[in-house]
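This report concerns only the one structure given below.
The values are calculated or read from the model by the stated rules, or taken from the named source; none is laboratory data. None of these values were measured; they are calculated from a predicted model. Cβ: placed from backbone, ideal geometry, glycine included. Neighbour counts: every protein chain shown. Quick note on the areas: whole protein, heavy atoms, side chains included, nothing else; ligands and nucleic acids left out. Shrake-Rupley method; radii C 1.70, N 1.55, O 1.52, S 1.80 Å.
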Amino acid sequence: MVRTSMAASGNDALSRGTNQLGVRVYNERLVLSLIRRHGNLPKADIARRTGLSPQTISTIANALEADGILLRMAPLRGKVGQPLVPYALNPRGAFFLGLKIGRRSSDVVLMDFVGNVLGRIHEPHPYPTPAIIMGLAHRGIEELTVGLSEAERARVAGFGIASPFELWNWESQLGAPTEVLEDWRKTNIRSMIAEISPWPVYFHNDGTAACAAELVFGSHQFGDDFLYVFLGSFIGGGVVLNGHLFPGRTGYGGAIGPLPVPAPEGGFQQILRSASIYVLADRLKAAGIDPQVLWLDPANWGDLGAPLDDWIAATAKDLALAAVSAVSVIDFSTIVIDGAFPTSVRAAIVEATRAALSAFDLQGLAPFIIAEGTIGYGAREIGGASLPLLANFTQDREVLFKDNV
C-alpha cells in the first residue's frame, strides 16, 4: 500500500519558468532554507553560513531574485566598507493550496511563500466522504485562486493534502456508515484531486503535515530535535531530527495515537482513546452539551465547564507518559503540544502536562521541556500547503516524498 505519494510523474520535472517554480538545485534550497529561518540575510552571511564561495552565493541570489523568489532589501548602512544588501523571501514568489481532511470538519487554504494564509474555506460535516472532500477541493481551486493574476497562478507550486491514513479503519471514531468507510477504502483521494488540479498534488498524513507547518513557519525556538503532538479529532504528531522531518519507514513516524497508556478499567488502551478531541465530544454529549461548538469555531469554545476540565486532566496525564516514553527512546529536547482548540485550552493542557511529569522518575533522562506549539488549530491545513513547499523549495523532498509500499 502506498503511504506517501508525490505528484504525478508528469509533473515531477519541476524547473524554473512560467509554469512551475520548483527549485531543484541543492545549494539553492539551502540558501532559501537559511533565509526562511533567519528572515533575511546578506550574501556575505549566506556564504559564511553555508561555506559556499561568495561568487556561488551571488550567482544563486541573482538567479532567485530574477525568478521573483527573493527580494533585494534596502542596504544596511553605518558599517565600514560597502553596504550589505539583505535578501528576503518574496511573499508572492510562490503559492500553495492545502487541504485538511478531518473527522468533523475539513479545510482548504491558499498560502503564500512566507506562510500567510490568503484565504480559507471551512466546512463542518458529520463525517468526511470522498464526495464532500472532492467538492471542497474544487471550491478551493476555483474560489481561493480567483484573486490571483495569471502570472501569480503560474506560481502556484502545488496542492497538498493532509489526512489520517486509512480512514476506513476508524469506524467507531469516524462515526460514518459502513458504505462511506468502504468508499474511502476504494478511493485514492490524491489521484482524484490530481484529475481536477492544474498543479501537482502531494499527500501525507495530517500529523506529519502539522509538524511540517511548525517546522517551517513556527518560531524556530524548539531546536533541531523535537517531538510534535497535535490533538485533533484523533491525536497525531510528527518527529523532527537534525532540523528535518522524519516520517519514518512507512510515513507513521511520530504517529503517537497507538501509544499504549493505562485504561480506566485496567489494562491498556491507545492514547487516541483518551487524548483525542472526539473523546471530549463524547464527554460533552454525556453532559447534555452540544459538541458542535468544537468543530464550528476551533478558536472559541466558550465555557464548557467540567467536561473540558476533566478531559484536560486525563489528557495531560497520558501526554506526560507519552513524553517520558519518547524521550527515553530519542533524546528530544522539547515536546511540542498543539491542537485544534483555543489557545487558552492549549496553555491549560501544556501546564497540566508539565505538572503531571512530577509523578514520573526522570532519572537517567536529559532535561527536556513541554512547550506550546505556535501555529494553532490551522496547523494541519497549513501543513498540507507546506507539502509542495517542502517538495520544491527545501531539502526535505527526498525524505518526505519517496514512495513507500
Review point. Looking at this structure, is Ser344 within 18 Å of Ile369 (Cα to Cα) and either open to solvent by 40 Å² or more (accessible area, probe 1.4 Å) or hydrophobic (A, V, I, L, M, F, W, C) (or both)?
Key: no
Review point. Quick one: which helices (runs of 4 or more DSSP H) sit completely within region 93-200 and have at least 1 residues that are closer than 23 Å to Ser276 by Cβ?
Key: 130-139, 171-174, 178-186, 189-196
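Rundown of residues vs (1) part of a helix (DSSP H, G or I); (2) more than 17 Å from Pro342 (Cβ to Cβ), yes/no style:
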site	(1), (2)
Gly288	no, yes
Trp295	yes, no
Trp301	no, no
Leu304	no, no
Pro307	yes, no
Leu321	yes, yes
Ala326	yes, yes
Exercise for review: Go through the residues of region 261-278 one by one and say whether even a single one is modelled with pLDDT of 90 or more, exposed (fewer than 14 other Cβ atoms within 10 Å of the Cβ) and of a type in the set (Phe, Trp, Tyr).
Suggested key: yes
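Rundown of residues vs (1) surrounded by 14 or more Cβ atoms within 10 Å (Cβ to Cβ); (2) at pLDDT below 90; (3) in a helix (DSSP H, G or I), yes/no style:
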residue: Leu14; (1), (2), (3): yes, yes, no
residue: Val23; (1), (2), (3): yes, yes, no
residue: Arg36; (1), (2), (3): yes, no, yes
residue: Leu41; (1), (2), (3): yes, no, no
residue: Ile57; (1), (2), (3): yes, no, yes
Exercise for review: For region 44-55, state whether one or more residues are more than 30 Å from the chain's Cα centre (by Cα), hydroxyl-bearing (Ser, Thr, Tyr) and either within 28 Å of Ala210 (Cβ to Cβ) or modelled with pLDDT under 95 (or both).
Suggested key: yes
Practice item. Go through region 196-216 and give me each residue that's more than 22 Å from Asp297 (Cβ to Cβ) and either of a type in the set (Lys, Arg) or open to solvent by 10 Å² or more (accessible area, probe 1.4 Å) (or both). Key: Ile196, Ser197, Pro198, Trp199, Phe203, Asn205, Leu215, Val216
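Here is a yes/no grid of residues against (1) under 15 Å from the mean Cα position of the chain (by Cα); (2) surrounded by fewer than 22 Cβ atoms within 10 Å (Cβ to Cβ):
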residue: Phe95; (1), (2): no, no
residue: Lys100; (1), (2): yes, no
residue: Val109; (1), (2): yes, no
residue: Glu123; (1), (2): no, yes
residue: Ala131; (1), (2): no, yes
residue: Val146; (1), (2): no, yes
residue: Ala151; (1), (2): no, yes
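Can you tell me how many residues within region 59-88 are touching a residue at least 24 places away in the same chain (Cβ under 8 Å) and either open to solvent by 20 Å² or more (accessible area, probe 1.4 Å) or in contact with a Pro (Cβ under 8 Å, 6 or more places away or on another chain) (or both)? Steps first, please.
Here is the first cut: in region 59-88, the ones touching a residue at least 24 places away in the same chain (Cβ under 8 Å) are 60-61, 63-64, 67-70, 73, 76, 84-88.
Right, trim to either open to solvent by 20 Å² or more (accessible area, probe 1.4 Å) or in contact with a Pro (Cβ under 8 Å, 6 or more places away or on another chain) (or both) and you get 63, 67, 73, 76, 84-87.
Residues meeting the conditions: 8.
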Study note, to complete from the structure: Across region 228-267, the tally of residues that are in contact (Cβ under 8 Å) with a residue 60 or more places away in the chain, within 16 Å of the chain's Cα centre (by Cα) and in a loop (DSSP other than H, G, I, E, B) stands at 8
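Which members of region 153-184 meet the condition of being of a type outside the set (Val, Ile, Thr) and surrounded by fewer than 16 Cβ atoms within 10 Å (Cβ to Cβ)?
First, pick out the residues of region 153-184 that are of a type outside the set (Val, Ile, Thr): 153-155, 157-160, 162-177, 179, 181-184.
Residues satisfying the conditions are Arg153, Glu166, Asn169, Glu171, Ser172, Gly175, Pro177, Glu179, Glu182.
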Check your understanding: Just one of the numbered conditions (1) in a helix (DSSP H, G or I); (2) buried (at least 19 other Cβ atoms within 10 Å of the Cβ); (3) out of contact with any Phe, Trp or Tyr (no Cβ under 6 Å at 6 or more places or on another chain) is not true of Ile370; which one?
Key -> (1)
Check your understanding: For region 298-311, does any single residue satisfy the condition of being within 18 Å of Gly236 (Cα to Cα), more than 23 Å from the chain's Cα centre (by Cα), buried (at least 22 other Cβ atoms within 10 Å of the Cβ) and of a type outside the set (S, T, N, Q)?
Key -> yes
Exercise for review: Go through (1) part of a helix (DSSP H, G or I); (2) β-branched (Val, Ile, Thr); (3) crowded, with 20+ Cβ neighbours inside 10 Å one by one and return the number of the condition Ile337 breaks.
Suggested key: (1)
